[in-house]
1. Distance in nm between label sites at Asp645 and Leu685, each 7 Å beyond Cα in the beta-carbon direction?
2. Below 8 Å, C-alpha to C-alpha, sequence gap of six or more: please give me the relative contact order for the range 14-161 in percent.
3. Please go through the residue pairs Lys39/Lys85; Lys266/Lys349; Lys349/Lys556; Lys164/Lys191 and name each one whose alpha carbons sit more than 27 Å apart in this structure.
4. Can you pull the one-decimal nm distance between simple spin-label points at Ile580 and Lys252, each 7 Å off the Cα toward Cβ?
5. Could you calculate the contour length gain from Gln617 to Ala494, that is, 0.36 nm times the residue separation minus the distance between their Cα atoms, to one decimal place in nm?
6. Does a label point 7 Å from the Cα of Val98, set along Cα-to-beta-carbon, have any residues of the range 32-67 with amide nitrogen under 18 Å, and which are they?
7. Which order do the peptides 71-79, 247-255 take when ranked by the mean count of other beta-carbon atoms within 10 Å per residue, highest first?
8. For the range 281-314 and the range 635-677, compute the distance between their C-alpha centroids and round to whole Å.
Amino acid sequence: METGTETRRNVPQLFGSAVFNDDVMQERLPKDVYKSLRKTIDEGKDLDLAVANAVANAMKDWAVEKGATHYTHWFQPLNGITAEKHDSFISPTSDGRVIMQFSGKELIKGEPDASSFPSGGLRATFEARGYTAWDPTSYAFVKGDSLYIPTAFCSYSGEVLDKKTPLLRSMEDLSRQAVRILRIFGDQKTKRVITTVGPEQEYFLIDKALYDQRPDLRFTGRTLLGAKAPKGQEMEDHYYGSIKPRVAAFMKELDEELWKLGILAKTKHNEVAPAQHELAPIFTTTNIATDHNQLTMEVMKNVAARHGLICLLHEKPFEGVNGSGKHNNWSVSTDSGENLLDPGKEPAKNTRFLLFLAAVIKGVDEYQDLLRISVASAGNDHRLGANEAPPAIVSMFLGDELTAILEAIEADVPYTGVEQKKLETGVHVLPDLSMDTTDRNRTSPFAFTGNKFEFRMLGSAISIACPNIMLNTIAAEELRQFADELEGSAHLEADVRRLVRRVMQEHKRIIFNGDGYSQAWVEEARRRGLLDLPTTVDCLPRYLDQKNIQLFVSHKIYTEAEMEARYETIMEEYVKTLNIEGLTLSSMLRQDILPAVGAYTGELARNISAKRAVSPQIPCAAQTALLARLSALEDELFAQAEDLDQAMADPRVKSANVLTAATYCKEELIPRLEAIRQAADQAELDMPSARWPYPTYAQLMFQV
């Protein structure tokens, strides 16, 4: 058995060992086949069937050596999770035996049933045929006994039914527009511009035995009730704290499993809330980062199970402590690795950087609604704007230096610069540290952090595809406008500064470097005319605004019908989520909580009667008061259960108009769920712990 030391020593050997990556391709493919495949990957050239056959055969041989007996086209439907159907490599021979075969056609194209995946009305149930198409830019890998082939997914009639296809389209479109800008600046070498992402993944770990006793966690991913533990996160001792042995063992195995799959897992630490943790990878190309994040979430759950743990990815599994998010670190680089969002040593003189920065500023201001929509879900509504996550109001943090540079350009005055300071520790053995020109702002939803933008509004459970589709398409639109204006410019430096000045004059309202958690900012944002869209129901209808349809249709990311389908799908998911929560809470009340409270109040009544039978003089004030309070709560909970069931039966919950259904759920179901929680949590505090039917917050968060 390998020791931990041996595993750590062999990390370079372990990394990517389950991936059909470039090294494996070079080793196993004929040179002409490899060159042709690289042209497909790097330049988008069509793949010849003969090349596909050679790749498929080499891929199959490699996978079989790794223990694979099956292959699957692995895709990402509109529900935000991954899908897979496994077929074996076996093929019968005339003598009744089998051989292991895998053809180029099987590699390139699959045909799963498309009728049971979310389509937002694009497909009827009887219209079952769908196609998967190999994405050669994302490497195949072996997991378990199957070869996983990353693919796109569309319907028989060509409608896009997945998240990968529009993401790839948005990347290509941004590349096209960014290359136009680079040509204006005299760059004739760059062929492609790539967006890169590093998504930081937050999660909770709890004991599986306790999880199994909580129907709310099993059915909804979050606790629908639960009184606060005596200690939460107020001592600030969990963030970056010492990692418990059981969690450390999980993290060690998680790292190893992710490294095998070629995932650049880099940083691990405790997060703010008890039982909360984070994993952060090194950035990579956006579509690969998206695949890797989907894999990471899946592997987290599988590894946790092997350690007797459950990995919770819901945005708000516990009331009263921080929820979980996913910071999307987004940047733009050339095919030679030059970061176009790197300000360099003299950002005030870096005209090209300032132009790309202006494009992002303009885009974020003009399409605030799309960025908010890209992170919309019932789960994420619980955390946005709750003093633990960025507000639901979109703004940008640029820091003091960049803001001062842009303000100088706006005022048409020279930028005087900021002198770099040293941070003196006052301890001789410690080095003095160079200070950055600006602090970081953890309350900003969209913050510039040196050479990238950190989009912090994402919920922990969602796919990062949609936010990056939005970012890429918005940036592509602004760069297109800039390129149209600047192509043929005879005075490029002056024209760029004039353009940046105009952007600042028209869009500087989106820049905010202050405290995003404060009520003062909410009021200031309204004065600036920024959108405040606190919930999914508030923001999602704007997705179909004409300006947004025009954006995506003109850049050929979606058709209008595909946009309508995505709107319907997200709204339906919102309604279904709240419906499941309502049904779950109702059953918890009726089957467990009301019987438990009733049994205990009955016991209290018998105790009081027994004492009074012995002597009317025996004090019973405490038990009498407790009996009265719990009996009142019992009646209240019963009435609330009846009321909730009646509300759940309202036909508006199942309305064909998804906005009607979602609005009803927001306005009628959520307040009822919250009211029940308050009463149930009070009952929990008044009950003996042994009589309460579910594990408590103290057990869930502190027994790992």
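1. About 2.9 nm, to one decimal.
2. Working: 243 pairs, mean separation 38.5, N = 148.
It rounds to 26 percent for the range 14-161.
3. On the way: Lys39/Lys85 29 Å; Lys266/Lys349 34 Å; Lys349/Lys556 35 Å; Lys164/Lys191 22 Å.
The answer is Lys39/Lys85; Lys266/Lys349; Lys349/Lys556.
4. Spacing of the two 7 Å Cα→Cβ label points: 3.5 nm.
5. Numbers: separation 123, 0.36 × 123 = 44.28 nm, distance 9.49 nm.
Extra length from Gln617 to Ala494 when fully extended: 34.8 nm.
6. 60-67
7. Details: 71-79: 23.6, 247-255: 18.6.
Result, highest mean first: 71-79, 247-255.
8. If you average the Cα positions of each part, the centres end up 34 Å apart.
Since every read-out is calculated from the coordinates, none of them should be taken as a lab result. Note that the structure is a prediction, hence the values are computed from the model and not measured. Note that we place each Cβ from the backbone using ideal geometry, even for glycine, and neighbour counts take in every protein chain shown.
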